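Values quoted throughout were computed directly from the atomic coordinates according to the rules given, and no laboratory measurement underlies them. What you see is a predicted model, and the numbers here were worked out from it, not measured in a lab. Cβ: placed from backbone, ideal geometry, glycine included. Neighbour counts: every protein chain shown.
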Amino acid sequence: MIVRYDTREKVVGAFMLFILAVLAVTILTIGRSKDWFREKVIYYATFQESYNLERNASVKLFNADIGKVTDISLIGNMVHVRLSIFAEYASRIRKDSMATVSSVNYIGSKYISIRPGSSDSPLILEGGEIPSEEQKSLTDILADFEVEKTARKVIRAVQDISDVASLLKDPNGPLFEALSSINASLDAVESRVGVILDSLAVSVDKVPHTVDLVDRDLQKIYELGVALEENIAVLRTILDSVEKGSRDVPTITKTTVKGIDEIRVGVENIGDVVSSLKKNILIRGNLPPGPKVKGDDAGVRP
């Protein structure tokens, strides 16, 4: 038998399927936000009192949520707490771990804080009990801070402040003596500053005359510089001339030596000519007589 559905029934069926799909998506979304589908491991912790701890309270590791408190029960004289912790954090739960009840402040909501164990300590199996320590009361905290001892220190400090204030008010005390010394020092500084200012005024008065002398000296220096430049130019000209003359010295020396050689040759030729003339009969008789030679040693020689 074939069942036939009309259009209205088909629309209603499609709408119901859509509603179911939306409901499933909503449940999945809420479940993921509430960690319904995350794998969890169950542990237990025991305390002497509940410390106003409630179900669904957070379980934290380094202030990060790692689970929830799922049940709180009283067994004998102890409070037994059931903890549901995410499986990825189970490797941190070890024999030397420690669970304690903590809160942001004394009137805030409570949560379980777990201090992780060392890596060399054995793991606590699922369903095992985590070691716990009791939450410190206000009396314990005050004892830790040693309120009485601290109060004594505060009282002693207040008394010391009072003594210091009395010393400061004493006209013959160290404060007024220090102020007197400061005033004396300021007076000395003021007088010294006055002397310095007077000396500075005198120096300022002498500044124009000093400036004139400096200007005059600078003018003289300028004139000396100009004269020095002129002398340097003359000296440079002289050096150029000397350098040029020194270049001609070898040529002049060579020419002079050549002339002397020519004169020597000429003199020798003249001597030969004179000897030839003396030997000529025609000319020898007409030559003038030579210089007379004194015979001081005549008759001496044999």
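Brief remarks on what is shown
- Once both labels are positioned 7 Å from their Cα atoms along Cα-to-Cβ, the gap between LEU200 and SER121 label points is 7.5 nm.
- Between amide H atoms placed 1.01 Å from N, distances below 5 Å from GLN135 occur with VAL101, all of them 5 or more places distant or on a separate chain.
- For region 61-70, 3J(HN,Hα) per residue [Karplus equation, 6.51 cos²θ - 1.76 cosθ + 1.60, θ = phi - 60°, Hz, x = Gly/Pro]: 10, 6, 6, 10, 5, 10, x, 9, 8, 9
- Report note on the peptides 155-164, 110-119: ranked by the mean count of other C-beta atoms within 10 Å, highest first, their order is 110-119, 155-164.
- Cα-Cα separations in region 37-135 greater than 24 Å, expressed as whole percent: 14 percent
- Remark: relative contact order (region 37-135) = 35 percent; criterion is Cα-Cα distance under 8 angstrom and separation of 6 or more residues.
- Under 5 Å between amide hydrogens, built in the peptide plane, is the criterion, and for LYS40 it picks out ALA87 among residues at least 5 positions away or on other chains.
- Net charge of Cβ neighbours under 10 Å - reference ILE114; Lys, Arg +1; Asp, Glu -1: +3
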